[in-house]
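Single-structure report; data block below.
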Amino acid sequence: MFESVSEMEEVVMASGEATLFLEPRETFDRAIVGLADRAGGMCVVAYDRDACIQALMQDNDWDYETALEYFEFNTLGAWVGEYTPIFVELIAR
């Protein structure tokens, strides 16, 4: 378990793994929930889908529908190679 996103990034970089973080980092880093292993051994960043949308709303003064549309088209729909981040919907506990 990591104490912070920066600690997670340091560990990944030290391992030599290639990792992609969403930009702008100031918006999306607060939606990171950890790392995930993709089939084939790739380690990818995992983001909370709802936290991404909330961050877009806050940082851009957007309503939910605008943020959702932006997220689905520009982020969720973007495949940028095998290290493309994944997005999870969390279970309320």
Subset of segment 16-68 (residues that are of a type in the set (Val, Ile, Thr), over 20 Å from ALA92 (Cα atoms) and assigned to a helix (DSSP H, G or I)): THR27, THR66
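Every residue in segment 1-14 that is of a type outside the set (A, V, I, L, M), touching a residue at least 12 places away in the same chain (Cβ under 8 Å) and either on the phi > 0 side of the Ramachandran plot or part of a helix (DSSP H, G or I) (or both), please.
Step one: list which residues in segment 1-14 are of a type outside the set (A, V, I, L, M), which gives 2-4, 6-7, 9-10.
Checking which are touching a residue at least 12 places away in the same chain (Cβ under 8 Å) leaves us with 2, 9.
Within segment 1-14, GLU9 is the sole residue that qualifies.
Can you tell which of MET1, MET57, MET13 is of a type in the set (A, V, I, L, M) and surrounded by 13 or more Cβ atoms within 10 Å (Cβ to Cβ)? Lay out the reasoning, then the answer.
Details: MET1 fails: surrounded by 13 or more Cβ atoms within 10 Å (Cβ to Cβ); MET13 fails: surrounded by 13 or more Cβ atoms within 10 Å (Cβ to Cβ).
None of the others qualify; the one that does is MET57.
Would you pick out the residues in segment 18-38 that are of a type outside the set (A, V, I, L, M, F, W, C) and touching a residue at least 40 places away in the same chain (Cβ under 8 Å)? Working first, answer last.
Looking only at segment 18-38, we keep the residues that are of a type outside the set (A, V, I, L, M, F, W, C), and these are 19, 23-27, 29-30, 34, 37-38.
THR19, ARG38 - these are the residues of segment 18-38 that are of a type outside the set (A, V, I, L, M, F, W, C) and touching a residue at least 40 places away in the same chain (Cβ under 8 Å).
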Residue within segment 30-38 that is over 18 Å from VAL11 (Cα atoms), surrounded by fewer than 14 Cβ atoms within 10 Å (Cβ to Cβ) and out of contact with any helix residue (DSSP H, G or I) (no Cβ under 7 Å at 6 or more places or on another chain) present: no
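Restricting the search to segment 39-49, which residues are open to solvent by 70 Å² or more (accessible area, probe 1.4 Å) and touching a residue at least 12 places away in the same chain (Cβ under 8 Å)?
Pass one, segment 39-49, residues open to solvent by 70 Å² or more (accessible area, probe 1.4 Å): 39-40.
If the condition is that a residue be open to solvent by 70 Å² or more (accessible area, probe 1.4 Å) and touching a residue at least 12 places away in the same chain (Cβ under 8 Å), then GLY40 is the only one that fits.
Can you pull out every residue in segment 32-59 that is aliphatic (A, V, I, L, M) and either touching a His at 6+ places or on another chain (Cβ under 9 Å) or within 15 Å of THR84 (Cβ to Cβ) (or both)? Working first, answer last.
Just the residues of segment 32-59 that are aliphatic (A, V, I, L, M), to begin with: 32-33, 35-36, 39, 42, 44-46, 51, 53, 55-57.
The answer is ILE32, LEU35, ALA36, ALA39, MET42, VAL44, VAL45, ALA46.
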In segment 60-93, residue farthest from GLU23 (Cα to Cα) [restricted to those that are small (Gly, Ala, Ser) and surrounded by 10 or more Cβ atoms within 10 Å (Cβ to Cβ)]: ALA67
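The values are calculated or read from the model by the stated rules, or taken from the named source; none is laboratory data. Owing to the predicted nature of the structure, the values given are computational and were not obtained by experimental measurement. A quick note on method: Cβ atoms are made from the backbone with ideal geometry, for glycine too, and the neighbour counts reach across all protein chains shown. With ligands, DNA and RNA removed, areas are computed over all heavy atoms of the protein, side chains included. Shrake-Rupley method; radii C 1.70, N 1.55, O 1.52, S 1.80 Å.
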